[in-house]
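Structure, as structure tokens:
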Amino acid sequence: MRIVETGPDDALFAAWCEVWAAAQRADRPGERPRPAREHVALGRRLTTPGGAQRGTHRAAVDGGRVVGALRVLLPVRDNTSTAFLDVAVHPGARRRGTGTALLAEGLRLAAAAGRTSAVAEVDEPGPGTAGRAFARAAGWTCDLQETRRDLLLPADEERLAALEAGAAAASAGYEVVTWRDRAPDALLEDRALLSRRMSTDAPTGDVPVDEEVWDGARVREMEALVLDRGRTVLSAGALHGGRLVAFTDLHVPLEQPERANQSGTLVLREHRGHRLGARIKAAVLRELAATMPQVRRISTYNADSNRPMVAVNEALGFRPAGGLSTWSTRISP
């Protein structure tokens with residue numbers, strides 16, 4: 001087996017994407033894997049100068065066949081001591097050392113970039129996930145455990161209406177607004193502040209990450225990347241005195257619109273206690289039902305310690321559907 005560099009415009013990259021698809025089909029057989037277009041768009045963005053991240057890809061090739069995939073993400077505006085690694089091995093090539101070799105290559109690349117820690121996520125559809133055992137065997141530390149919850153659509157109308165009424169009563173003086181794909185120019189800097197606060201206020205356990213640096217230009221960069229990946233984003237926010245103080249984003253892959261993903265939800269600390277999270281989530285659900293009724297399920301992830309957001313999701317009807325763990329390791333010089 002050999003490990004070679006690849007990228008979105010390389011002949012090997014289609015097979016690199018297929019490794020991810022095969023792994024996702026094996027781990028979650030009831031769900032369609034992420035389209036190759038998403039990997040291609042992200043790969044091109046990582047090599048575009050001036051972005052918030054740069055990165056590289058490697059393919060594990062055995063007998064002329066790609067059997068493993070590695071992506072290394074390197075933040076450049078913040079968290080410059082950390083690398084984020086994504087590793088996948090084709091189900092037919094597991095337990096042969098491919099994952100171990102790719103992980104070692106990722107750590108080597110991270111060290112060469114001056115990083116002192118590495119972070120990786122493991123999807124856990126159920127107990128005994130191979131990725132968890134692999135991370136533990138490699139000596140990594142589990143820093144954060146999140147639960148995935150799914151909401152089957154259409155939402156229960158009685159439940160949703162009751163939640164809306166209660167949230168509206170608790171948040172008098174706030175206005176709810178919605179938008180799609182691009183935050184209104186007048187709210188752009190407020191939206192950037194919310195992303196910055198998301199990096200510090202959302203539970204991150206012991207994951208070795210610091211505050212992220214966001215401005216309007218980075219928001220626009222992220223919006224463009226999401227569109228390039230073939231997604232549309234329905235957003236809702238809460239205004240107070242004309243300022244955006246809360247947001248929620250719902251990503252819908254246009255090639256596979258049956259399943260949407262709740263990307264993030266945050267209420268500024270100074271505006272909590274008014275049930276704004278519930279109100280804006282209900283608003284985006286209404287917008288989704290009106291504009292994209294083909295969506296049949298929404299998935300979201302929350303740390304179990306984030307009880308207020310978990311309570312909102314459970315009140316909406318979200319139910320546990322597996323988990324996501326985040327692992328880290330120190331990198332020796």
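The values are calculated or read from the model by the stated rules, or taken from the named source; none is laboratory data. Since the model is a prediction, treat every value here as computed from it, not as a measurement. Backbone-built Cβ (ideal geometry, glycine too); neighbour counts: all protein chains shown. Areas reflect the complete protein model, heavy atoms only, side chains present, ligands, DNA and RNA absent. Shrake-Rupley method; radii C 1.70, N 1.55, O 1.52, S 1.80 Å.
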Item to check | Selected residue [within 17 Å of THR326 (Cα to Cα), out of contact with any helix residue (DSSP H, G or I) (no Cβ under 9 Å at 6 or more places or on another chain) and of a type in the set (D, E, K, R)] from ARG108, ARG71, ARG136 | outcome: ARG136
Next on the checklist: Condition first: within 17 Å of the chain's Cα centre (by Cα) and either assigned to a loop (DSSP other than H, G, I, E, B) or buried (at least 18 other Cβ atoms within 10 Å of the Cβ) (or both). Now tell me which residues in the range 37-47 satisfy that.
Outcome noted: GLU38, HIS39, VAL40, ALA41, LEU42, GLY43, ARG45, LEU46
Next on the checklist: Condition first: closer than 29 Å to TYR174 by Cα, of a type outside the set (Lys, Arg) and open to solvent by 10 Å² or more (accessible area, probe 1.4 Å). Now tell me which residues in the range 225-246 satisfy that.
Outcome noted: VAL226, VAL233, LEU239, HIS240, GLY241, GLY242
Next on the checklist: I'd like the full set of residues that are of a type outside the set (A, V, I, L, M, F, W, C) and crowded, with 19+ Cβ neighbours inside 10 Å, limited to the range 106-120.
Outcome noted: GLY106, ARG115
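Being in contact (Cβ under 8 Å) with a residue 24 or more places away in the chain, out of contact with any Lys or Arg (no Cβ under 7 Å at 6 or more places or on another chain), surrounded by 16 or more Cβ atoms within 10 Å (Cβ to Cβ) and not in a loop (DSSP other than H, G, I, E, B) is the requirement here; does VAL209 meet it?
Details: in contact (Cβ under 8 Å) with a residue 24 or more places away in the chain: yes; out of contact with any Lys or Arg (no Cβ under 7 Å at 6 or more places or on another chain): yes; surrounded by 16 or more Cβ atoms within 10 Å (Cβ to Cβ): yes; not in a loop (DSSP other than H, G, I, E, B): no.
When the stated conditions are applied, VAL209 does not pass them.
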Next on the checklist: Suppose we filter ARG45, ARG65, ARG94 for residues that are charged (D, E, K, R) and closer than 25 Å to PRO125 by Cβ; which single one remains?
Outcome noted: ARG94
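Filter the range 90-116 for residues that are closer than 24 Å to ASP78 by Cβ and among the hydrophobic types (A, V, I, L, M, F, W, C); which is farthest from the chain's Cα centre (by Cα)?
ALA112
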Item to check | Checklist (1) of a type in the set (A, V, I, L, M, F, W, C); (2) modelled with pLDDT under 95; (3) touching a Leu at 6+ places or on another chain (Cβ under 9 Å) applied to LEU151, failing item | outcome: (2)
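Could you tell me whether the range 270-293 includes any residue that is at pLDDT 95 or above, part of a strand (DSSP E or B) and surrounded by 19 or more Cβ atoms within 10 Å (Cβ to Cβ)? Talk me through it step by step, then tell me what you get.
Of the residues in the range 270-293, the ones at pLDDT 95 or above are 270-293.
Now drop any that are not part of a strand (DSSP E or B), which leaves none.
Within the range 270-293 (the criterion being at pLDDT 95 or above, part of a strand (DSSP E or B) and surrounded by 19 or more Cβ atoms within 10 Å (Cβ to Cβ)), the answer is no, since none of the residues qualifies.
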Item to check | Residue list for the range 48-80, restricted to those being of a type in the set (Asp, Glu) and either buried (at least 22 other Cβ atoms within 10 Å of the Cβ) or closer than 12 Å to VAL4 by Cα (or both) | outcome: ASP62
Checklist entry - Any chance the range 300-317 includes a residue that's touching a Phe, Trp or Tyr at 6+ places or on another chain (Cβ under 7 Å) and either assigned to a loop (DSSP other than H, G, I, E, B) or open to solvent by less than 20 Å² (accessible area, probe 1.4 Å) (or both)? => result yes
Checklist outcome for this item: Pairing a residue in the range 189-203 that is at positive phi with any residue that is open to solvent by less than 30 Å² (accessible area, probe 1.4 Å), where Cβ atoms lie under 7 Å and the two sit 6 or more apart in sequence or on different chains, gives none
Item to check | Subset of the range 181-200 [open to solvent by 30 Å² or more (accessible area, probe 1.4 Å) and either closer than 15 Å to PRO75 by Cα or outside any loop (DSSP other than H, G, I, E, B) (or both)] | outcome: ASP185, ALA186, GLU189, LEU193, ARG196, ARG197, MET198, THR200
Item to check | Residue in the range 5-21 that is part of a strand (DSSP E or B), surrounded by fewer than 18 Cβ atoms within 10 Å (Cβ to Cβ) and of a type in the set (A, V, I, L, M, F, W, C) present | outcome: no
Next on the checklist: Can you pull out every residue in the range 123-141 that is surrounded by 13 or more Cβ atoms within 10 Å (Cβ to Cβ) and closer than 19 Å to ARG96 by Cα?
Outcome noted: THR129, ALA130, GLY131, ARG132, PHE134, ALA135, ARG136, ALA138
Checklist outcome for this item: Restricted to the range 22-36 and to residues being closer than 12 Å to PRO125 by Cβ and open to solvent by 60 Å² or more (accessible area, probe 1.4 Å), the residue modelled with the lowest pLDDT is GLY30
Checklist entry - Looking at SER263, SER328, which is the one that is in a strand (DSSP E or B), closer than 30 Å to GLY106 by Cα and open to solvent by 60 Å² or more (accessible area, probe 1.4 Å)? => result SER263
Checklist entry - Is there any pair linking a residue in the range 120-138 that is under 16 Å from SER328 (Cα atoms) to one that is of a type in the set (Asp, Glu), with Cβ under 9 Å and at least six apart or on different chains, and which? => result ALA120/ASP86; GLU121/ASP86; ASP123/ASP27; GLY131/ASP27; GLY131/GLU121; GLY131/ASP123; GLY131/GLU124; ARG132/GLU124
